[in-house]
1. What residue, among those in segment B:6-40 that are hydrophobic (A, V, I, L, M, F, W, C) and within 24 Å of the chain's Cα centre (by Cα), is surrounded by the most Cβ atoms within 10 Å (Cβ to Cβ)?
2. More than 9 Å from every other protein chain (Cβ to nearest Cβ), touching a Ser or Thr at 6+ places or on another chain (Cβ under 8 Å) and within 18 Å of B:GLY223 (Cα to Cα): does that describe B:PRO313?
3. Check segment A:78-91 and report whether any residue there is assigned to a helix (DSSP H, G or I), among the polar types (S, T, N, Q) and at pLDDT 75 or above.
4. Looking at the structure I just gave you, is B:ALA58 within 14 Å of chain A (Cβ to nearest Cβ), of a type in the set (Gly, Ala, Ser) and at negative phi?
5. Of all the residues that make up segment B:151-169, how many are in a loop (DSSP other than H, G, I, E, B) and in contact (Cβ under 8 Å) with a residue 40 or more places away in the chain?
6. Name every residue in segment C:169-203 that is surrounded by 19 or more Cβ atoms within 10 Å (Cβ to Cβ), of a type in the set (Ser, Thr, Tyr) and touching a helix residue (DSSP H, G or I) at 6+ places or on another chain (Cβ under 7 Å), in order of residue number.
7. Only one residue in B:VAL174, B:VAL182, B:VAL162 is of a type in the set (A, V, I, L, M, F, W, C) and either within 18 Å of the chain's Cα centre (by Cα) or buried (at least 20 other Cβ atoms within 10 Å of the Cβ) (or both). Which one?
8. Suppose we filter segment A:164-183 for residues that are acidic (Asp, Glu) and either touching a strand residue (DSSP E or B) at 6+ places or on another chain (Cβ under 9 Å) or within 9 Å of chain C (Cβ to nearest Cβ) (or both); how many remain?
Amino acid sequence: MKDAVTTPAQVPEKTVEGAPVVAPQREQTGVEREAERLTPVPFEPGTALYRQILPGILQVPADAVLAASRKSSLWPMTFGLACCAIEMIATFMSHHDLDRFGIVPWPSPRQSDVMIVSGTVTKKMAPAVKLLYQQMPNPKWVIAMGACATNGGPYTRYDRVLQGVDKIIPVDVYVPGCPPRPEALMDGMLALQHKIMEERSK
Amino acid sequence: MVLDSSLEVIDMPINMGPQHPSTHGVFRMVLVVDGEKVVDVTPHIGYMHRGGEKLMEAMDFRQGIGYADRTEYLAQFSAELGYCLAVERLMEIEVPDRAEYIRVILTEMNRLSSHFMFMGAFGIDSGIFATSFVYAFREREYLQDIFEEVSGDRLMYAYFRVGGLAWEVPDNFVSRVQEVLVKSQQGIRDLDDLLTKNEIFMARCQNVGNFSAERAIAYGVSGPILRASGVNWDLRRDEPYSIYPRFKFQIPVGNYGDVYDRYLVRLEEMRQSISIIEQALQQLPPEGPIVPEKMPRRLRTPPGEVYAKVESPRGEWGVYLVSKGGDKPYRMKMRSPSFCNLSALREMTIGQYLADAVMILGSLDIVLCDVDR
Amino acid sequence: MTPPDGQDQETTGAAGETPVTPPSPAPEGAAPAEQPAAKPAAERPARPVKEAEPKEAPRVAPQPGSISELLAKAAPGVEMKAYMVPSVVGESVAVEVGRDDLRAVMTAVHDDASLDLKYLRCLSGIDWQEEGLEVVYHLWSFSKRHALTVKTRVTYADPTVPSISAIYPSADWHERETRDMFGINFDGHPNLVPLLLPDDMTDHFPLRKDNPLQEIEEWQGDNLRDGAGEGEE
């Protein structure tokens, strides 16, 4: 097995610009490291396989079918951070049921479509958020739930709080409120479904 | 051929990262396991550190109530009560009777809703995929409905004010509370039938995470965990605040200090809360002011300090308020019960199995915003 | 508009400040900038003496036989200033000791049978700007049912306090948090790594008064994706 070990110089550089750095060097100051950990993840939609295979005339109905099926079965990753998580869970539960829209909460990022960022994102948590976003396969969407995820919310004046999760990941739907009512979150999910249908040709 | 001397046995570090399926918020534990037995635990917190204490120094005594809510987001009325008690003590304001009774009723109903949440989340930790959670949230919805009728918000009430309440409760308050109590009693019975005598639940909970009374006191643990470890101590009875001396209720105390005892203590506390609410409804004066007559317009405290504590569903929620005069606090330290309870996690978990570590964490019933403030 | 009743306060509150400004270290000692609505002095009732110095609460010495005397017996040779502080029901005793005597005092209160203060409720740091940093310990005894508050003050130049985590294990995390927030170094702590702040961002201490709140970014449009925010609903 020893011969199979490659030295670091031979491993191709696969890191994307803005990916979180795993081991910060000691010479950097706190401010520089903070800037590094807070660089945003760019929005890369990628190209779907069916677009490359199908001839042009079949792509339009294929887009519609696939967009309709994607929007009807959005699986959010349960990313409950703070108080908004309680309202998010209440939306999943039996009184305001989200399962009737096909929305099933799923703990793993590898099999989920939507990331509902519910709660304040602090600078300590930011690299984890970016990593989870990158672990989700395309197509993926992000809903920023609550005032804290939108722009920092009531904690925006504190210097360890990220003023909005859209500073590090691209967000599709913002749901205001502190915390937003379950009906408001449902409205946000339905708005996302509408957006998916509208943007199906992208 | 593999020689034994070339193999090395190490203890494996396992990271339960900041995002994991149990709903305790962003908490990271690095467990070092030897096979299945946990050898060391390093909790990492601070992922939800939002600076509530610093921001409260810039808010006056009415705006700070919203921050107290958001710090302890499952027992909001306890947090608001602690904050208001501290300021009222410094300003030497006396709260009228009717406001006190309504405060107690709402705080105890909040204890019910917080313990329901615990039952739900604890059931998930022990392996019931979502059944207990769905039951628990059904009960919480009834409670949140009445909280919404009273205060206007489903989760962040901000209803208590320094000196009393913000506004009068609706006219059908008493009958609504009685309706909700009937439903809550049914909900407690449902969860009791589902969990308490369930063989799997008992096998997962009994003799797990035993914690003795001396160690609990040494770690500053409070609340149901302290009572489950055998210390007969409840702030409502032993260091009473507000009008708790007027009610008769019992304090459940456990014997073994394990996870099953903590569950039973909380279950019994819910029943005692219902009894307190019923007594309060009988004694509630039908009419009366909800703020004192001589209430100052601008809330200014004289210089001084005070440590006010309430018994929240998690333990002792304390407010250490230092004021230098003026209408903002100079230092507002929130003594959060989850912080002290979580510091005892390491000692509780070492020597247990890996699956039990999740149960122990669930039985502590922590609220991460409270730990990190 | 009548001045607030029963609260004869000449203290300089933040009378004109809006809550948005950061808590600037403005000294409270200056004469009040604005007076409440004018009322001739003859109409007001006689004011208590403490009004002359609105900055600090008056210090009342504890009754004889209180816990501070037990403490003086248990930890002889330690100089301390004792006074009463309010608690929600009644009052309790607070004791100020010097930094070097802290460990002796804490060992005494923990081990001595008449004090038996085994429960450390709360450990907080306070930033008094010119007067230094202070650490406050709230202790409780389950068996004897009495409380004690111990305070110790250090200067900015030498913010070191001996750690009591060997005596009270609950102080472990509290001391780590106080170090993160105030920069007070706890001497003898087994594991003084950052608790609440990220490991590499502990350059400045958030709860010190000279650390301001950050400004709100007014325009968030740079973060929105293409086409977002342009349609007016």
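The values are calculated or read from the model by the stated rules, or taken from the named source; none is laboratory data. Treat the numbers as computed from the prediction; the structure is a model and nothing was measured. As a convention, Cβ positions derive from the backbone with ideal geometry for all residues, glycine included, and neighbour counts pool all protein chains shown.
1. My answer is B:VAL26.
2. Numbers: more than 9 Å from every other protein chain (Cβ to nearest Cβ): yes; touching a Ser or Thr at 6+ places or on another chain (Cβ under 8 Å): yes; within 18 Å of B:GLY223 (Cα to Cα): yes.
In short, yes.
3. Checked against the condition, which is being assigned to a helix (DSSP H, G or I), among the polar types (S, T, N, Q) and at pLDDT 75 or above, segment A:78-91 yields at least one hit.
4. So B:ALA58 fits the description; yes.
5. Total meeting the criteria: 10.
6. C:SER170
7. B:VAL162
8. Residues flagged as acidic (Asp, Glu) and either touching a strand residue (DSSP E or B) at 6+ places or on another chain (Cβ under 9 Å) or within 9 Å of chain C (Cβ to nearest Cβ) (or both) within segment A:164-183 amount to 2.
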